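The block underneath contains the structure these notes are about, expressed in structure tokens.
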Amino acid sequence: MAHVVIENLVKTYPEKNGPGVTAVKGINLTIEDREFMVLVGPSGCGKSTTLRMIAGLEDISGGTISIDGKVVNNVLPKDRDIAMVFQNYALYPHMTVYDNMAFGLKLRKFPKQEIDARVREAAAMLGLEPYLERKPKALSGGQRQRVAVGRAIVRKPKVFLFDEPLSNLDAKMRVSTRTEISKLHARLGATMIYVTHDQVEAMTMGDRICVMKDGVIMQVAAPLELYNNPANMYVAGFIGSPPMNFFKGTIKRAGNNLLFVETNAKGKPIQVQLTDDLAHKAAGHVDKPVVFGIRPEDAQDSLTLGSPNPAHTVEVNVEVSEPMGAETYLYLDTGAHSFIARVRATDRFDVNQKVKITFQMDKAKLFDPATENVLK
């Protein structure tokens, strides 16, 4: 396998009468040997463009890409020793599953015996043995995607590239196929770079996740590190479902304590006392605007807690109660902000009911509204 190093990578698409559009803006990223790296972000953030530059399918406007210590900027795609799995499968409709998987090896003039051994090994790995003589039109979407993965596996490349491979599958098939790809990574011990817009895929599959926005890397970290310690509001809002709740407000001093006081011109502002750790981070922001962030699972119905802390408890209005089966999403309103709490499935709430919500303040975050970075 191999490690991939991206340094100051830039991609600019030229315009006839303008400076051009820069889709990737000088990013730096190292993918370690045998790592499963996920590039995640919304459409247009530059993740697929980055992947295509690694594959050699897009010209590089600036910077370098190295695979196993060798700069590959001017190396043809076929000579980079990578294999790519596309969103649309890209299978030959007139060929059988066996021939689709074997085609790349035949072009490289591998011996027939080795081709057969590699195809059957990959088919066994992916559960495709019963379908080797079928053509793609006789397969389900999930089976076609497995054939596309199998075609990449038989190459035994240094690096596997996946470009949103599950986006054409239904929800149930996406879950089972992403599990198969994770198992495959563990079995092959391969270096894999996986592009998706789905943060659930990113969280469940990646060893590390690279969150991108507007051609820039926002944060690179392990899934739970991203979730628990987001670097900024963008990462905090993108990673997690439902996303983190945000409240605009000000840090105020009350005796020896610091409080977050909501900006609320329409009603009674909510206020909560900061923990010692948060107070230390907010010490330089007294009487200054901040953004308070709390995840839905850390906003809890006070009645379900043994002894809720009144300094961390607020009274709010129920807008919508959304039963999800194992839990309920409670959509709440302070008068200035709407937010979501995850509460017990057995609890029942009425629209416009007043409820008391206790924030788990040791899990809360404070952000600078100007830079949107977390206060440290």
Subject >> From the options Leu169, Leu161, residue that is open to solvent by less than 60 Å² (accessible area, probe 1.4 Å) and assigned to a strand (DSSP E or B) >> reply: Leu161
Subject >> Where a residue in segment 78-96 is closer than 14 Å to Ile67 by Cα and its partner, wherever it lies, is assigned to a loop (DSSP other than H, G, I, E, B), with Cβ under 7 Å and at least six apart >> reply: Arg80/Gly56; Arg80/Val72; Asp81/Pro157; Asp81/Lys158; Ile82/Pro157; Ile82/Lys158; Ala83/Arg155; Ala83/Pro157
**OP:** Identify, by number, the condition in (1) open to solvent by 50 Å² or more (accessible area, probe 1.4 Å); (2) modelled with pLDDT under 90; (3) not basic (Lys, Arg) that Met125 doesn't meet.
**Re:** (1)
**OP:** Please work out which one of (1) closer than 30 Å to Ser167 by Cβ; (2) surrounded by 19 or more Cβ atoms within 10 Å (Cβ to Cβ) is the condition Glu297 fails and give its number.
**Re:** (2)
Subject >> Meets criteria (within 27 Å of the chain's Cα centre (by Cα) and closer than 22 Å to Pro308 by Cβ) for Val343 >> reply: yes
Subject >> Residue list for segment 253-274, restricted to those being out of contact with any Leu (no Cβ under 8 Å at 6 or more places or on another chain) and either in a strand (DSSP E or B) or crowded, with 17+ Cβ neighbours inside 10 Å (or both) >> reply: Ala254, Val261, Glu262, Asn264, Pro269, Ile270
Original post:
How about segment 128-158: which of its residues are aliphatic (A, V, I, L, M), over 17 Å from Pro77 (Cα atoms), open to solvent by less than 40 Å² (accessible area, probe 1.4 Å) and part of a helix (DSSP H, G or I)?
Top reply: Val147, Ala148, Val149
Original post:
Out of all the residues in segment 1-23, which are touching a helix residue (DSSP H, G or I) at 6+ places or on another chain (Cβ under 8 Å) and either open to solvent by 60 Å² or more (accessible area, probe 1.4 Å) or not basic (Lys, Arg) (or both)?
Top reply: Val4, Ile6, Leu9, Ala23
**OP:** Would you please list the contacts, defined by Cβ atoms under 6 Å and residues six or more apart or on different chains, that run from a residue in segment 324-353 that is within 18 Å of Lys268 (Cβ to Cβ) and part of a loop (DSSP other than H, G, I, E, B) to a residue that is open to solvent by 30 Å² or more (accessible area, probe 1.4 Å) and not acidic (Asp, Glu)?
**Re:** Gly335/Lys266; Gly335/Gly267; Ala336/Lys266
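Conditions (1) surrounded by 13 or more Cβ atoms within 10 Å (Cβ to Cβ); (2) at negative phi; (3) in contact with a helix residue (DSSP H, G or I) (Cβ under 6 Å, 6 or more places away or on another chain); (4) among the β-branched types (Val, Ile, Thr), marked per residue:
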position	(1), (2), (3), (4)
Ser302	yes, yes, no, no
Tyr329	yes, yes, no, no
Ala345	no, yes, no, no
Arg348	no, yes, no, no
Val355	yes, yes, no, yes
Gln360	yes, yes, yes, no
Lys363	yes, yes, yes, no
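The values are calculated or read from the model by the stated rules, or taken from the named source; none is laboratory data. Every value quoted in this text rests on a predicted model; they were computed, and no experiment measured them. All Cβ positions, glycine included, derive from the backbone under ideal geometry; neighbour counts span all protein chains shown. For the accessible areas, the whole protein counts, side chains as well, though only heavy atoms, and no ligand, DNA or RNA atoms are used. Shrake-Rupley method; radii C 1.70, N 1.55, O 1.52, S 1.80 Å.
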